[in-house]
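Notes follow the structure.
The values are calculated or read from the model by the stated rules, or taken from the named source; none is laboratory data. Just so you know, these numbers come straight off a predicted model, no measurement behind them. No Cβ is skipped: glycine too gets one built from the backbone with ideal geometry, and neighbour counts run over all protein chains shown. The area values use the complete protein model at the heavy-atom level, side chains included, leaving out ligands, DNA and RNA. Shrake-Rupley method; radii C 1.70, N 1.55, O 1.52, S 1.80 Å.
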Amino acid sequence: GDISSQLHAGYSHPLARSWQAERQLTKSMLIFPLFVSDQDDEEVLIPSLPNQYRRGVNKLIPYLEPLVHKGLRSVILFGVPMRPGTKDALGTSADDPEGPVIRSIRLLRQRFPHLYIVADVCLCEYTSHGHCGILRDDGSLNNQLSVDRISDVAVAYAQAGAHCVAPSDMNDGRIRAIKLKLIETGIVHNVTLMSYAAKFSGCLYGPFRDAAGSAPSFGDRRCYQLPPGGRGLARRAIIRDINEGADIIMVKPASQYLDVISDAKELGKDLPIAAYQVSGEFAMIHAAAKAGVFDLKAMAFESTEGILRAGATIIISYFTPEFLDWLEN
Ligand SMILES: NCC[C@H](CC(=O)O)[C@@H](CN)CCC(=O)O
Ligand SMILES: [Zn+2]
């Protein structure tokens, strides 16, 4: 055929094939989710989330030491209060200075000075009703009370030493509220604000909710997480959060929302874009590999390749420990 039809030449060698990718996975792109509970010495496997554990504060260092040695750069902390009486309508225990998240932030800052600590900010683990905010009598979210509370919790985590706060609540206006409070508190220059800007409701969070005990006690999250078909809403939320001061934009889930990741990269071309390969995606890959559909390692890489191709340069991944073994750099 004519010369323009000859594409094979461009990817005839492994290195040439790697050059075809705009972004390559490196250890510094990975953020590893950790579930920290108030049972200081527990280390409990989470049945629905392969190889993931709920750990008490006393079990964090021994577990993380070898991972940090292998090149772990960042973790995102999810608090799991197990003690009776730690949940109420306001999520009071979320910023308890003796709670698992604040204690873990302090401990990890002290023990691993180079580890970048992200604190997830939400109320669903701490509220009796399990929603990501404070409710009105009719069961809907009270936006003002929720945003006030979420921003207080974010500041508390930042003051405890979190390098980054990531509000996963999806209340309108929480990015602006957090940014303003960080400014008022005089610490804004030290705290990255990573917005879960485009976070969709759906069926992919089940294993996480098992792990964190954070399922809503009634109803669902359809009125605050985005509808899966809402690409326009996602674009509007991304634009809004950039304007409200987000330093990083996150899309979640990842593989079923690659178009939204590419929209985020287009709309936030001057910001890093993060993507969260959520518990359901992770568990699905494990289940399929176990069923013999494909090789686990191959799919861990292929699913991540697609997330990178869509425009993400930060990936929250439960595969992080394996990638630390599989990747050179
Ligand atoms: N704050 C919401 C937590 C939300 C799950 C949910 O909607 O219940 C995600 C955590 N940021 C789930 C993450 C995951 O499934 O891995
Ligand atoms: Zn939540």
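Quick notes on this structure:
- Qualifying positions in the range 198-229 - part of a helix (DSSP H, G or I) and either in contact with a Ser or Thr (Cβ under 9 Å, 6 or more places away or on another chain) or within 23 Å of Pro272 (Cβ to Cβ) (or both): Gly206, Pro207, Phe208, Arg209, Asp210, Ala211
- Hits in the range 14-46 - residues which are among the small types (Gly, Ala, Ser), open to solvent by 10 Å² or more (accessible area, probe 1.4 Å) and either touching a residue at least 40 places away in the same chain (Cβ under 8 Å) or farther than 25 Å from Gly71 by Cβ (or both): Ala16, Ala21, Ser28
- Scanning the range 272-294 for residues that are in a loop (DSSP other than H, G, I, E, B) and over 17 Å from the mean Cα position of the chain (by Cα) yields Ala291, Gly292, Val293, Phe294.
- Restricting His114, His189, His163, His131 to those that are within 13 Å of ligand 1 (Cβ to nearest atom), at negative phi and modelled with pLDDT of 95 or more reduces the list to His131.
- Test: residue in the range 185-192 that is assigned to a helix (DSSP H, G or I) and closer than 20 Å to Arg240 by Cα: yes
- The range 198-219 - residue that is open to solvent by 20 Å² or more (accessible area, probe 1.4 Å) and small (Gly, Ala, Ser) and, of those, nearest to Phe78 (Cα to Cα): Gly213
- Of the listed requirements (1) open to solvent by 10 Å² or more (accessible area, probe 1.4 Å); (2) farther than 25 Å from Ile261 by Cα; (3) in a loop (DSSP other than H, G, I, E, B); (4) out of contact with any strand residue (DSSP E or B) (no Cβ under 8 Å at 6 or more places or on another chain), Asp172 misses just one: (2).
- Single residue of Leu180, Leu141 found to be at pLDDT 95 or above, within 16 Å of ligand 1 (Cβ to nearest atom) and open to solvent by 10 Å² or more (accessible area, probe 1.4 Å): Leu141
- Test result for Ser195, open to solvent by 60 Å² or more (accessible area, probe 1.4 Å), touching a strand residue (DSSP E or B) at 6+ places or on another chain (Cβ under 9 Å) and not in a helix (DSSP H, G or I): no
Residue-wise test of (1) β-branched (Val, Ile, Thr); (2) more than 9 Å from ligand 1 (Cβ to nearest atom); (3) under 22 Å from Phe35 (Cβ atoms); (4) touching a helix residue (DSSP H, G or I) at 6+ places or on another chain (Cβ under 8 Å).
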{"site": "Lys199", "(1), (2), (3), (4)": "no, no, yes, no"}
{"site": "Tyr205", "(1), (2), (3), (4)": "no, no, yes, yes"}
{"site": "Ala211", "(1), (2), (3), (4)": "no, no, yes, yes"}
{"site": "Ala215", "(1), (2), (3), (4)": "no, no, yes, yes"}
{"site": "Pro227", "(1), (2), (3), (4)": "no, yes, no, yes"}
{"site": "Arg231", "(1), (2), (3), (4)": "no, yes, no, yes"}
{"site": "Arg235", "(1), (2), (3), (4)": "no, yes, no, yes"}
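- The residue of the range 65-77 that is surrounded by the most Cβ atoms within 10 Å (Cβ to Cβ), among those that are over 18 Å from the mean Cα position of the chain (by Cα) and over 12 Å from His114 (Cβ atoms), is Leu67.
- Cβ-Cβ contacts under 8 Å between residues 6 or more apart (or on different chains), taken from a first residue in the range 315-329 that is within 16 Å of Leu34 (Cα to Cα) and assigned to a helix (DSSP H, G or I) to a second residue that is open to solvent by 10 Å² or more (accessible area, probe 1.4 Å) and small (Gly, Ala, Ser), are listed as Leu324/Gly71.
- Filter pass, Ser151 being within 16 Å of ligand 2 (Cβ to nearest atom), crowded, with 22+ Cβ neighbours inside 10 Å and more than 16 Å from the chain's Cα centre (by Cα): yes
- Number of positions in the range 273-301 that are surrounded by 14 or more Cβ atoms within 10 Å (Cβ to Cβ) and away from ligand 2 (no atom under 16 Å from the Cβ): 16
- Considering the range 1-58, the qualifying strands (runs of 3 or more DSSP E), each wholly inside and each with 3 or more residues that are out of contact with any Asp or Glu (no Cβ under 9 Å at 6 or more places or on another chain) and of a type in the set (A, V, I, L, M, F, W, C), run over 30-37.
So that you can scan it fast, the table gives a plain yes or no per residue for (1) open to solvent by 10 Å² or more (accessible area, probe 1.4 Å); (2) assigned to a loop (DSSP other than H, G, I, E, B); (3) without any contact (Cβ under 8 Å) to a residue 40 or more places away in the chain; (4) more than 14 Å from ligand 2 (Cβ to nearest atom):
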residue	(1), (2), (3), (4)
Arg103	yes, no, no, yes
Leu108	no, no, no, yes
Pro113	yes, yes, yes, yes
Gly130	no, yes, no, no
